[in-house]
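Have a look at the structure below before the remarks.
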Amino acid sequence: MIREATGCERRRWAYTRRPVAVVTFLSDYGLEDDFAGVCHGVIATIAPDARIIDVTHGIPRHDVLAGAIVLRRALPFMPAGVHLAVVDPGVGSERRGVALRCAGEKRLLVGPDNGLLTLAAERFGGVVEAVDVGASPFALQHVAASFHGRDVFAPVAAHLALGASLAAAGEPLDPAGLAVLHHSRPEVVAAGVRAHALHADRFGNVSFDADSDDLRRAGIVPGAVLVNGVRGTYATTFADVAPGDLLLYEDSWGAPALAVNRGSAVDALGLEPGAAVAIARDT
């Protein structure tokens, strides 16, 4: 149940006098069930004037790395505020729930301590303050072991949006002890770049762990390329290749990606997350 705070609690929670913040929300909940909607309801009950922006609820189930990548690239386009993210395959285990303050801007991140938040935090200068919200006084009265998004993270995000201090949301943590995502790294070799698929969007476009500097160092320039032995073109946009052809391009986030014009790079190359991506000039 959601309960009203007592006068003593309001003083202890140390609300600031600031406008109600934006709450952005990312998850792997999907839209078929009521999970995302119920979290909206919890936030709206506690902070009815908060503006909630859904980043996406289409992160592949339990794919923490995909969630972290989307969070990192999307948040610079979101207003500063409270950023709630829940991709939590370890819910109910000993993994911590956390709320974090970033150094670079007035941004707070709320979610599980499984690496989901760390790439976005790095984007904003790193974490300067962290608290464990597992036993937060802001949590709902009854916390289900399987739905911390509703019972812990959403109410914590709502109270922070109202101006509650981070210190009031939980017990302090050393930011150096936060979970870090360990993911693949590319390798520049004589033959080109050896990379790994990271994430695919609903169009089948694939991002990978090499960046534009890696491609340049490997001598890969606009023109004909081979990707896992398949001929393609390193160009600017989809219209630069014929329908059905493979394209290596810089996506809207400024990172190299693979696409098939009016098709799917995932299907054409069999690229699941973690799959090898070998890119070379086609001579």
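The values are calculated or read from the model by the stated rules, or taken from the named source; none is laboratory data. A quick note: this is a predicted structure, and the numbers were derived from the prediction, not measured. For neighbour counting, all protein chains shown are included, and Cβ atoms are generated from backbone atoms with ideal geometry for every residue, glycine included. Each accessible area value is taken on the protein alone, full model and side chains, heavy atoms only, with ligands, DNA and RNA left out. Shrake-Rupley method; radii C 1.70, N 1.55, O 1.52, S 1.80 Å.
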Subset of the stretch 214-230, residues touching a Phe, Trp or Tyr at 6+ places or on another chain (Cβ under 7 Å) and open to solvent by less than 20 Å² (accessible area, probe 1.4 Å), comes to ILE220, VAL225
Would you list the strands (runs of 3 or more DSSP E) that sit entirely within the stretch 232-283 and hold 3 or more residues that are open to solvent by 30 Å² or more (accessible area, probe 1.4 Å)? 276-281
Out of curiosity, is PHE203 within 30 Å of HIS57 (Cα to Cα), open to solvent by less than 80 Å² (accessible area, probe 1.4 Å) and among the aromatic types (Phe, Trp, Tyr)? no
Suppose we filter the stretch 193-240 for residues that are within 28 Å of the chain's Cα centre (by Cα) and of a type in the set (A, V, I, L, M, F, W, C); how many remain? 13
From the list ARG95, ARG101, which one is assigned to a loop (DSSP other than H, G, I, E, B) and under 19 Å from the mean Cα position of the chain (by Cα)? ARG95
Provide a single number: the residues in the stretch 123-134 that are under 11 Å from ALA168 (Cα atoms) and assigned to a loop (DSSP other than H, G, I, E, B). 1
Cβ-Cβ distance below 7 Å, separation of 6 or more or different chains: which pairs start in the stretch 192-211 with a residue that is without any contact (Cβ under 8 Å) to a residue 60 or more places away in the chain and end on one that is part of a strand (DSSP E or B)? ASP209/ALA195; ASP209/HIS196; ASP209/LEU198; ASP211/PRO256
